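For reference, the structure discussed in these notes is given below.
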Amino acid sequence: MKPTYQPNAQLDLSFTRIVDVPKALIWRAWTEPALLKPWFCPLPWKTIDCEIDLRPGGIFRTTMQSPEGKEFPGTGCYLELIPNEKLVWTNALSPGYRPSLVTETCGSEDTGFLFTAMIELADHAGGTRYSATVLHADVAGCKTHAAMGFESGWGTALDQLVAMVKKGI
């Protein structure tokens with residue numbers, strides 16, 4: 001069977017890092033609302049609300065808050081879950097696999113785009129190989145996400161996740 005994901009350099013953004021925390025704790029930080037909220041977006045932004053129904057078709061909803069206090073809700077749908085290994089969700093679908101509408105993404109009305117995100121975790125000497133990939137519907141969405149600081153933003157969030165895990169969860 002062929003993999004369903006085929007990388008596309010014009011539509012996808014990704015990064016891989018080795019982190020010195022166990023993948024089971026990274027999984028918990030991604031799948032438990034109380035653990036996700038402290039690290040999910042780079043400070044001084046905050047994640048002020050989160051709802052997770054961890055099953056295919058289940059809801060993944062967050063509300064981010066800008067430093068100025070503006071709220072940016074985001075709702076998506078889980079597509080694939082392999083505990084401690086792979087987490088896939090999309091904002092192109094609402095819970096129950098209902099098609100969704102493009103909404104604002106972390107900033108303004110002109111930064112909305114559809115995407116599918118994958119977090120992949122693998123054991124690595126002394127920790128975990130962490131890969132984050134975001135697939136975009138079109139080149140414009142990919143460029144917008146890159147210009148918003150995908151790698152630095154998602155990388156900073158990962159640093160915050162690792163720091164939280166090291167403090168003890």
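Scanning segment 117-169 for residues that are among the charged types (D, E, K, R) and touching a residue at least 12 places away in the same chain (Cβ under 8 Å) returns E120, D123, R129, D138, E151, K166. For segment 117-154, taking the residues that are part of a strand (DSSP E or B) and among the charged types (D, E, K, R), the one that is surrounded by the fewest Cβ atoms within 10 Å (Cβ to Cβ) is identified as D123.
All of the numbers you see were taken from the coordinates with simple rules; none came from a lab. Small disclaimer: the values here were computed from a predicted structure and weren't measured. We place every Cβ from the backbone using ideal geometry, glycine too, and count neighbours over all the protein chains shown.
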